[in-house]
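The values are calculated or read from the model by the stated rules, or taken from the named source; none is laboratory data. None of the values given here were measured: they were computed from a predicted structure. Positions of Cβ are generated from backbone atoms using ideal geometry, with glycine treated the same way; all protein chains shown enter the neighbour counts. Heavy atoms of the whole protein, side chains included, go into the accessibility calculation; ligands, DNA and RNA do not. Shrake-Rupley method; radii C 1.70, N 1.55, O 1.52, S 1.80 Å.
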Amino acid sequence: MWLKNFFRRLQGLWRSQAIHREITDELQFHIDMRVEENIRRGMSPDEARRDAERRFGNLTRVKEQGYDVRGGRWLETVWQDLRYGARSLVKNPLFTLIAVLTLAVGIGANTSIFSIVNAVLLRPLPYREPEKLMTIWTARPQQGQGQFRTSLPNFKDWREQSRVFEGMAAYGFNRYNLTGAGEPEQIRGAQVSEDFFNVMGVQAALGRTFTPEENRGPFVVLSNAFWSRRFSSDPGVIGKTLTLNGTNFTIVGVMPARFDFPGQEVVMWVTLTQAMSGAPNYANSRTNHSFCVVARLKDGVTPKQAQTEMDVIASRLQRQYPETNANLGVSVIPLYEQVVGNVRLAMLVLLGAVAIVLLISCANVANLLLARAVAREREFAVRAALGAGRWRLIRQLLTESLLLALLGGSVGVLLAVWGISSLTRLDPGDVPRLDQVSVDGVVLGFTLAVTMLSGIIFGIAPALSAKANLSIALKDSGRGAIGTRRGQRLRSILVVSEIALALILLVSAGLMIRSFLRLLAVDPGFNPRNLLTMQIILPPSKYADAQRIVNVYREVFERLTLHPGVEAVGAGTGLPPVFNQLRSSFTVEGYQPSRAGAEAIANFLSINPEYFKTLGIPLIAGRAFSDQDTERAPRVAIISQRMVKRYFPDRPAIGGRLSFGGGTNPQWCVVVGVASDVKYSGGLSSAEEDAIYLPYPQAPTNGMYLMIRAGADPLSLVASARSVVRSVDADVPIAKIKMMDEVIDSSVARPRLIVALLGLFGAIALTLAVIGIYGVISYAVAQCAQEIGIRMALGAKPSDVLGMMVGRGARLALTGVVIGVIGSSAVTRALGDLLFGVSPTDPLTFGGVAILLIVVAILASYIPARRAMKVDPVTALK
């Protein structure tokens, strides 16, 4: 019904004359009917018409009321306001340009960041009923570690004993050498259990996923991106083969474009059973925690109920397998939390930052409108004198404000499109779903809402001031309410608000900058300069013999060392400071833990003898590995300095023994050296961890990272490294070719992006606040010209006038700083998890930003104050 009425009123905009004629004809018909009735009662024709018109009352008012009901008078007045506002903005192009650009910056920044928040946080995961998907992790509560991978035997026990899950699947990661078609390529794949895709609730876009019969066979499902890149989106790819690590895999399906679980780098999925067929130590060992688990809840089951049941199962496994499962618990975490949990705080901080920028933009535009309203005081007075009510004046001003906001929002969307493309190019690599950011309907709806709200926010102050003392405005021809103290108070409140908001944003940016500088100053434990890194993986099907693996790597090391410009060649299973391949438990002979059942965990690295020399890791005591530490020699190990402090506090570490692997036949190693501590996973901000180094002939592995120390340009050695590896085995590619400086930079990419954006928003906020202060003081000088002239005529010195005007700006700044400091002390506590080595209430940052704002505010006040000193008293008085 309301929609029908709306369209009927909307028709009134272009049928107004016809509707007026219809109303007039209808009224005339009723009057004529009353006249005829009066004549029948014995009245004369003139008397009968006068009586009929008197009974109807004011015909003009009745016609207007009828048009309000049948026509669209309120829409007509809105249309009039829009046309008048548009003409007014066109007549003041400089004002319009400044206001639109100011709003566009705030709205564009909000649209850009919200589009990222929408894609990363708000958009549901692209799976069937994603709220039911849970990740399940091994936990070590006594050590405060809640998310560890699990072993395949433990996973199987979880799946068999749980009753709250509809399905449970395991997956792991592996790198494969793709050969047989052009240049060998190293790609990343996932090894998944047979019901993985059913648990995720996703079907193949082309072909199918795995069937139970294919669980042990060499079958592969491709990602949409890899299918497009490698096979040019050929629909006939089903049934073709890929040679991965020397084994032919049959392609059975291609997944949808948005499916990239468990990571953007994963380009294919293979069956877990087939992948583990050649690795019984992984498939049957409870100490090899190398697999992740995802599960789907049954209908009506909550995550809390699932956690309760898994706690019971974990306790049962502790009693059943005390040697391997002692003190091991289970954590059940929703998949959504797992995907976005690490970036949620950063996204919300950035969204809050752009909201502050928008509020400051609105305050600046409101100040512009207040100043512009002074010139319109007589216009408002005349309108009021002609019968316009207060609400009619407010509606006119709000309509103009909304029109200005729509213009700013339109330009802001254009800025946002450019900003989004720039932000996605700065992808730090660890922000999920950043590649799905776009300006869609949700983002445009948000922008429209922000635009309308902004128009109301910055339009409300001048609109409320439109109730000015109109009689005074008509009499004085100049000084209405907006030019009086009330208008000055409104402008001062807006500027104080700008300064307070700018201080909150600048303090947050300052804390992040100081945190980032502290992070960059962290010693990673090695020398990253002139260090080239790359990864080599020998296919297990071709290199199943440990001795052959050792021989191939030894040949690669020796040939690389002979190349000009190569100072040293190191190799290991870890790439500091971002990745380590194996983390496992160990036992130190003669060491009694302080807590019963406490498990010792360390990073295990298989390295070559030149590893420490190549990376520049200092050897604190003992010796490095040598070529004599072969597979037939006594087993030896080098431990980190941190381990000496914990496990050998009152006895020499050299000569001590430790074992790993557990079981009835532990492998004992003699400690022959102590190396300086190195950060091996989690980046520069990660806590230091114990590390145990083993000579690679005694712990051979197919995958190794090569580190080449060069005397000059390391990148010039890439071709030589590729040639050496190809000469040893033409089917083995090298991958992940990066300078170590790049590796470190990538580990701090996310905090760098946050710092850059907060710094940019802080600079915008500071600029807008300075413009606001300058505008208010300039306006005060113009308004107080007469007062200044009187003061100078009575003997005031120019320096007194300067001090008065600068002091006004300083008082505004000081008030805003005090309010901002109070607000910042509460807001910055939310930044705690993003900071490194800096307190959320760092006094140096708070004090520095406060002083900066006060100094900038005084400088912004100084220029118009200097203009006040040059006021001619005679001219001002006239």
**Asked** How about region 693-721: which of its residues are more than 20 Å from R548 (Cα to Cα), in contact with a Gly (Cβ under 7 Å, 6 or more places away or on another chain) and open to solvent by less than 40 Å² (accessible area, probe 1.4 Å)?
**Response** M707, A710, L717
**Message:** more than 16 Å from P577 (Cβ to Cβ) and more than 35 Å from the chain's Cα centre (by Cα): which single residue out of G703, G673 fits that description?
**Reply:** G673
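Taking S659 as the residue in question, decide whether it is over 30 Å from G837 (Cα atoms), open to solvent by less than 20 Å² (accessible area, probe 1.4 Å) and not β-branched (V, I, T).
On the way: over 30 Å from G837 (Cα atoms): yes; open to solvent by less than 20 Å² (accessible area, probe 1.4 Å): yes; not β-branched (V, I, T): yes.
When the stated conditions are applied, S659 passes them.
Give me the residue from region 542-590 that is assigned to a loop (DSSP other than H, G, I, E, B) and among the aliphatic types (A, V, I, L, M) and, out of that set, most open to solvent (accessible area, probe 1.4 Å). Reasoning before the result, please.
Keep residues of region 542-590 that are assigned to a loop (DSSP other than H, G, I, E, B), which gives 542-545, 562-565, 573, 576-578, 581, 589-590.
Among the residues that remain, those that are also among the aliphatic types (A, V, I, L, M) are: 544, 562, 578.
Numbers: A544: 90, L562: 145, V578: 56 Å².
The residue in question is L562.
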**Prompt:** Restricting the search to region 325-352, which residues are within 30 Å of L511 (Cβ to Cβ), touching a Pro at 6+ places or on another chain (Cβ under 9 Å) and buried (at least 16 other Cβ atoms within 10 Å of the Cβ)?
**Reply:** I333, Y336, V339, V340, V343, A346
**Message:** Scan region 593-604 and tell me whether some residue there is under 26 Å from K679 (Cα atoms), among the polar types (S, T, N, Q), open to solvent by 30 Å² or more (accessible area, probe 1.4 Å) and free of Cβ contacts under 8 Å to residues at least 12 places away in the same chain.
**Reply:** yes
**Prompt:** Assuming G682 fulfils every condition listed in (1) farther than 24 Å from D430 by Cβ; (2) surrounded by fewer than 19 Cβ atoms within 10 Å (Cβ to Cβ) apart from one, which condition is it?
**Reply:** (1)
**Request:** Please state which one of T243, T273 is in a strand (DSSP E or B), over 37 Å from the mean Cα position of the chain (by Cα) and β-branched (V, I, T).
**Result:** T243
**Item:** Members of region 246-258 that are part of a loop (DSSP other than H, G, I, E, B) and at pLDDT 90 or above
**Value:** M255, P256
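Could you pull out every one of the helices (runs of 4 or more DSSP H) wholly within region 297-369 that has 3 or more residues that are more than 33 Å from the chain's Cα centre (by Cα) and under 30 Å from A756 (Cβ atoms)?
Helices (runs of 4 or more DSSP H) meeting the threshold: none at all.
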**Request:** Determine whether V724 is open to solvent by less than 10 Å² (accessible area, probe 1.4 Å) and of a type in the set (A, V, I, L, M).
**Result:** yes
**Item:** Evaluation of D833 against (1) over 29 Å from V365 (Cβ atoms); (2) open to solvent by less than 40 Å² (accessible area, probe 1.4 Å) (one fails), failing number
**Value:** (2)
**Asked** Which one is surrounded by the most Cβ atoms within 10 Å (Cβ to Cβ) among residues in region 798-818 that are closer than 10 Å to A865 by Cα and of a type in the set (A, V, I, L, M, F, W, C)?
**Response** M805
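Select from region 641-668 the residues that are of a type outside the set (D, E, K, R), in a strand (DSSP E or B) and in contact with a Phe, Trp or Tyr (Cβ under 8 Å, 6 or more places away or on another chain) and list them in ascending order. Before the answer, list the steps.
Start the filter on region 641-668 by keeping residues that are of a type outside the set (D, E, K, R), which leaves 641, 643-644, 647-649, 652-656, 658-668.
Checking the rest, the ones that are also in a strand (DSSP E or B) come to 658-660, 667-668.
Selection gives L658, S659, F660, Q667.
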